[in-house]
Amino acid sequence: MNAAWRSFADELARWRDAGRAVEFWWRDDDAARPDPALARLLALAQKTATPLALAVIPTLAGKEIFEQLDGGVSVLQHGTDHRNRAALGEKKTEFPAAEPPAAALQRLATARERLAKLAGARFLPVLAPPWNRLKVSYLPQLAAAGFRGLSQYGARAAAQAAPGLAQVNTHVDLIDWHGTRGFAGEEAVLAAAVRHLVAKREGRAEAEEATGWLSHHAVHDEAVWTFLERLFETARTAPGVHWPRSGKLFHIS
Ligand SMILES: [Zn+2]
């Protein structure tokens, strides 16, 4: 075991010694159409019996992908069409500052209805906005637009982003977006997981938030697949480590 895996295992042991359960969850983004990478993702989830929250792009999704999902997969809403509407100088976002709020919320509600119909019982009305970005001013209005949950990136400030809107974020991005656009590396990835666990243990992060692993099947290189397999093999069955289904995390089902 190398140093990165060793310090990850040590942190899990600290939780165990303290009599506390570690909660992990797994979100994968950008599903829309069937392709070999998605098939490989679903096979991995099934083989390792790991609950998967699949963030699907509503307006691009075809009904075929939902036929391939087994019982361990929940469907979250990945924005509406994943189009970058950022103005010059704005960071990538589907929800730019200039868009009238009513238009954005209508777009979200229409997309939610489409995805709910396609995904059926697997659908959770949880919004995972593309690039993890959403205007904060929309949060109080999301519940009225039919959403019960929100998932972004980084330690959440509170269990509810707004009344009626549970928030559970991801904290460990497997991809090095600004560099190779491939695997971020065991060292960086495991260190990010340890950082969130330590912050929760020491009271610097909200203690009840499950630590989320974020993958993007479409850009996985072999190193990402190998890492995920090892993560699930080791941390799925480790004593005191739980991977709750996302319905439970978001208090929906
Ligand atoms: Zn995305």
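Values in this text are rule-based calculations from the coordinates and carry no lab data. All of these numbers come straight from a predicted model, not from anything done at the bench. Cβ sites come from the backbone with ideal geometry, for glycine too, and all protein chains shown count toward neighbours.
Answer yes or no as to whether residue 71 is more than 16 Å from the ligand (Cβ to nearest atom), farther than 22 Å from residue 190 by Cα and without any contact (Cβ under 8 Å) to a residue 24 or more places away in the chain. So residue 71 passes the test.
Can you work out which of the residues in the stretch 176-202 that are assigned to a loop (DSSP other than H, G, I, E, B) and charged (D, E, K, R) is nearest to residue 16 (Cα to Cα)? Give the steps one after another, and end with the answer.
Applying the first criterion (assigned to a loop (DSSP other than H, G, I, E, B)) to the stretch 176-202 yields 176-182, 184-185, 202.
Next cut, charged (D, E, K, R) only: 176, 181, 202.
Numbers: 176: 31, 181: 35, 202: 15 Å.
Step by step, filter the stretch 176-202, then rank; the result is 202.
The set of residues from the stretch 196-234 being surrounded by 13 or more Cβ atoms within 10 Å (Cβ to Cβ), farther than 30 Å from residue 33 by Cβ, in contact with a helix residue (DSSP H, G or I) (Cβ under 8 Å, 6 or more places away or on another chain) and of a type in the set (A, V, I, L, M, F, W, C) comprises 197, 198, 205. Residue-level analysis places residue 233 outside the set of residues that are acidic (Asp, Glu) and more than 17 Å from residue 4 (Cβ to Cβ). One residue stands out in the stretch 104-117 among those that are of a type outside the set (D, E, K, R) and touching a Pro at 6+ places or on another chain (Cβ under 8 Å): the one that is nearest to residue 142 (Cα to Cα), namely 111.
For the stretch 235-253, the tally of residues that are in contact (Cβ under 8 Å) with a residue 12 or more places away in the chain and among the polar types (S, T, N, Q) stands at 2.
Against the test of being of a type outside the set (Val, Ile, Thr) and surrounded by 18 or more Cβ atoms within 10 Å (Cβ to Cβ), the options 107, 114, 85 yield a single qualifying residue, 107.
Take the residues of the stretch 1-34 that are within 16 Å of the ligand (Cβ to nearest atom) and out of contact with any Gly (no Cβ under 8 Å at 6 or more places or on another chain): which is nearest to residue 200 (Cα to Cα)? Among those residues, the one meeting the criterion is 28.
Exactly one residue out of 53, 13 is more than 15 Å from residue 218 (Cβ to Cβ) and under 18 Å from the mean Cα position of the chain (by Cα), and it is 53. Scan the stretch 231-253 for residues that are under 15 Å from residue 21 (Cα atoms), in a loop (DSSP other than H, G, I, E, B) and not charged (D, E, K, R) and jot them down. 237, 238, 239, 240, 243, 244, listed by residue number.
Which residue is farthest from residue 29 (Cα to Cα), if the candidates are limited to the stretch 117-135 and must be within 16 Å of the ligand (Cβ to nearest atom) and surrounded by 19 or more Cβ atoms within 10 Å (Cβ to Cβ)?
The initial filter retains those residues of the stretch 117-135 that are within 16 Å of the ligand (Cβ to nearest atom), namely 126-134.
Then keep just the ones that are surrounded by 19 or more Cβ atoms within 10 Å (Cβ to Cβ); that gives 126-130, 134.
On the way: 126: 13, 127: 11, 128: 8, 129: 10, 130: 8, 134: 16 Å.
Going through the qualifying residues, I end up with 134.
Would you confirm, using the coordinates I've provided, whether residue 181 is surrounded by 15 or more Cβ atoms within 10 Å (Cβ to Cβ), over 17 Å from residue 44 (Cα atoms) and basic (Lys, Arg)? Steps first, please.
Values: surrounded by 15 or more Cβ atoms within 10 Å (Cβ to Cβ): no; over 17 Å from residue 44 (Cα atoms): yes; basic (Lys, Arg): yes.
Taking the combined requirement at face value, the residue does not satisfy it.
Taking the criterion of being exposed (fewer than 15 other Cβ atoms within 10 Å of the Cβ), in a loop (DSSP other than H, G, I, E, B) and more than 16 Å from the ligand (Cβ to nearest atom), the only residue of the stretch 35-61 that qualifies is 49. The single condition among (1) assigned to a loop (DSSP other than H, G, I, E, B); (2) under 17 Å from the mean Cα position of the chain (by Cα); (3) of a type in the set (Gly, Ala, Ser) that residue 74 does not meet is (1).
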